[in-house]
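The values are calculated or read from the model by the stated rules, or taken from the named source; none is laboratory data. Keep in mind it's a predicted model, so treat the numbers as computed, not measured. We place every Cβ from the backbone using ideal geometry, glycine too, and count neighbours over all the protein chains shown. Surface accessibility is based on the protein's heavy atoms, side chains included, excluding ligands, DNA and RNA. Shrake-Rupley method; radii C 1.70, N 1.55, O 1.52, S 1.80 Å.
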Amino acid sequence: MRVSGVPVVKWDKPEFLPTHTVSSVLILPHHDNINCLLKKMEISVAEAEKRTGKNAVNMQETYTVYLIETRPVDAASEGTNPALDSLWRRYSEFELLRNYLLVTYPFAVVPPLPEKRAEFVWHKLSADNMDPDFVERRRVGLENFLLRVASHPVLSSDKIFYLFLTEENGWKETVFETGFQAKADSRLKALNATFRVKNPDKRFAEMKHYGDELQSVISQLLRVRARAADRLYGVYKVHGNYGRVFSEWSAIEKEMGDGLQSAGHHMDAYAASVDDILEEEEHYADQLKEYLFYADALRTVCRKHELTQYELEMAVQDLTSKKQQQEELATGTIRTFSLKGMTSKLFGQETPEQREAKLKMLETQIEEGEEQVKERNAECDEFVKSAWVDIERFKEQKDHDLRESLISYAIMQISMCKKGIQVWNNAKECFNKM
């Protein structure tokens, strides 16, 4: 929908990649990506709203929708104030978009969505997914997801993603029309590839292991932070007890009363500040959680490579088997034990006509098999080429983001400690004046 009463500035839509083609895409380095959607469009998730309605099985439910606002960058830079294009999306629609991107761009480290339900929270924080503070943090996370996709060198050019931002009605039908669900790999197929691939690429195996380790250490870090937040909350609230005791004490003292009461006020203010501090802590926790989920996205790319490699190996194995059958038919010798060999011994050899027909059929199958191996090889090579470029882009992004986040977290902790020192210095001055 559009904001009424304001003229809309028209702008050139970006050139989009076909929604069904992946193999011809080569990812450019992040710093060379001058045509990403984020350079042409401002994107924000402006607000969240709770709604009530009937679901697919006609039952009443309460859910949250998020307002996406977009505006062309050129118009904003020229000083004009065009109407914001805006529409509402549910979290499930963000999930559908991401699932589509995962299937359509299997070589890409697709940005993760914020958590659906709160995890790694300290005990005073609500884990209710309808809690206003949680909904607000999810709103920020959904906006970050859109900005990540809009700045990605390949994903940002996808037509379905653009329609997600600009077309409220009919978008889901357009997604399903792409047939992406039929292309999704079954879990059993992926599991087979993991355990049966004979020649895994060492780089992808190491990267998959790194993803496991990264997820493990970030999980541990989040658990430590949650425990520390619990302890911190207790320490701050104890200072509130100092404030109460000093105030009560001041009531029975004449000479010392004013100093004790002032010291009590400083302690009360210090105790009350913990809520803002822990809210800021949650902001940094959400940044870590993004990379907790990014680790899974990285492993997904590695698993897809295993599947691509497995399919290539199966094609090669099938071709080798067909060539062996051709050789055995042509020479009349059976090199390995087989049901065919046993049948020949029991019921006699095939007639020349039968053998000739089988040879022709095998010749056709071998030609088809060689073509399939050639195609699988090309697909595997191209996947490796594209995936590795995007993995390198992701590693550069990860190093920068986590470094900045940890530095900011350290600065926050230093500032918090300085405030504690200042409170006790103020209390000391109060005691000196008694």
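Some notes on this structure:
- Candidate set: region 241-279, residues that are open to solvent by 60 Å² or more (accessible area, probe 1.4 Å) and among the polar types (S, T, N, Q); chosen: the one farthest from residue 433 (Cα to Cα): 241
- If the condition is being open to solvent by 60 Å² or more (accessible area, probe 1.4 Å) and within 22 Å of residue 110 (Cβ to Cβ), then region 371-387 contributes 379, 381, 382, 385.
- Hits in region 130-158 (condition: in contact (Cβ under 8 Å) with a residue 60 or more places away in the chain, farther than 20 Å from residue 180 by Cβ and outside any helix (DSSP H, G or I)): 130, 153
- Taking (1) out of contact with any helix residue (DSSP H, G or I) (no Cβ under 7 Å at 6 or more places or on another chain); (2) open to solvent by 50 Å² or more (accessible area, probe 1.4 Å); (3) modelled with pLDDT under 70 in turn, residue 75 satisfies each apart from (2).
- The C-beta contact set for region 409-434 (first residue over 18 Å from residue 235 (Cβ atoms), second residue loosely packed, with under 13 Cβ neighbours inside 10 Å, distance under 8 angstrom, 6+ apart or interchain) comprises 434/255.
- Region 33-49 - residue that is surrounded by 15 or more Cβ atoms within 10 Å (Cβ to Cβ) and out of contact with any strand residue (DSSP E or B) (no Cβ under 9 Å at 6 or more places or on another chain) and, of those, modelled with the lowest pLDDT: 33
- Summed over region 192-233, residues that are assigned to a helix (DSSP H, G or I), hydrophobic (A, V, I, L, M, F, W, C), in contact with a Leu (Cβ under 9 Å, 6 or more places away or on another chain) and over 24 Å from residue 289 (Cα atoms) total 1.
- Of the criteria (1) modelled with pLDDT of 95 or more; (2) more than 29 Å from residue 108 (Cα to Cα); (3) of a type in the set (Asp, Glu), which one residue 390 fails: (2)
- Filter pass, residue 343 being of a type in the set (Val, Ile, Thr), part of a helix (DSSP H, G or I) and at pLDDT below 90: yes
- Scope region 83-111; condition assigned to a loop (DSSP other than H, G, I, E, B) and either open to solvent by less than 20 Å² (accessible area, probe 1.4 Å) or in contact with a strand residue (DSSP E or B) (Cβ under 9 Å, 6 or more places away or on another chain) (or both); matching residues: 83, 84, 105, 107, 108, 109, 110, 111
- Residues that are surrounded by fewer than 11 Cβ atoms within 10 Å (Cβ to Cβ), at pLDDT 75 or above and of a type in the set (A, V, I, L, M, F, W, C), drawn from region 51-70: 59
- Tabulated pairs, region 293-318, first in a helix (DSSP H, G or I), second at pLDDT 90 or above and of a type in the set (Val, Ile, Thr), C-beta under 6 angstrom, 6+ apart or interchain: 297/109; 297/110; 298/109; 301/109; 315/373; 316/373
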